Amino acid sequence: MDSDEIEQFWKRARLRGRVAWLEPFVGQHRLGTLPPPAFAFAPEPYLAQRMAEEVLAGERTAVSTLRSDIPDDVPVPEVGDLAIVLDGHEQPVALIRTVEVRVVAFGEVDDRHARGECVQDAASWREHQRQLMGATDADDVVLERIVLVFPAQESAPVAATI
């Protein structure tokens, strides 16, 4: 991940994504100055690529994290949080905003959230996540609903697949 590329992406995204649209009139606000965290949805390049493409296509509208995977000194995501999505080549491709946050027991994840993560239903989501996360029904999960704020390429799909 190249910090210069992320900085350049952030400069474009904060204006075109209307994060800092009032800046010319009222000056800079903290949301418009520092780049938000950048991440890939998966460590495997082909999965990160596929998931980034799902975000850009408007298909992936949800994210989940085991509460125990968030360090105690790091706050749970909040509504309004921004993040930069990296593709399978670790290139910034999207700016997303968190629009809803819920903390629920793993066994209580609903179909709506599962579909937001491109899974057919909650039962299939839980089966997949048990294998991936090693979670039990009693574990708490942080569920985020996200929206695409800015695509890296307004008229073209994300870079070639891996």
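Annotations for the structure displayed:
- Residue check for residue 147: without any contact (Cβ under 8 Å) to a residue 12 or more places away in the chain and either within 18 Å of the chain's Cα centre (by Cα) or surrounded by 13 or more Cβ atoms within 10 Å (Cβ to Cβ) (or both): no
- Tallying residues that are touching a strand residue (DSSP E or B) at 6+ places or on another chain (Cβ under 7 Å) and among the polar types (S, T, N, Q) within the stretch 40-87 yields 3.
- Residue match in the stretch 62-84 (condition: assigned to a helix (DSSP H, G or I), surrounded by 12 or more Cβ atoms within 10 Å (Cβ to Cβ) and more than 17 Å from the chain's Cα centre (by Cα)): yes
- Residues of the stretch 133-144 that turn out to be under 18 Å from the mean Cα position of the chain (by Cα) and more than 13 Å from residue 78 (Cα to Cα), as a count: 2
- Scanning the stretch 94-139 for residues that are surrounded by fewer than 20 Cβ atoms within 10 Å (Cβ to Cβ) and assigned to a strand (DSSP E or B) returns 97, 98, 99, 100, 101, 102, 103, 104, 105.
The numbers here are math on the coordinates, done by the rules we state, and not lab data. Fair warning: this is a prediction, and the values are worked out from it, not measured in the lab. Because the Cβ atoms are built from the backbone with ideal geometry, glycine has one as well, and the counts that use them run over all protein chains shown.
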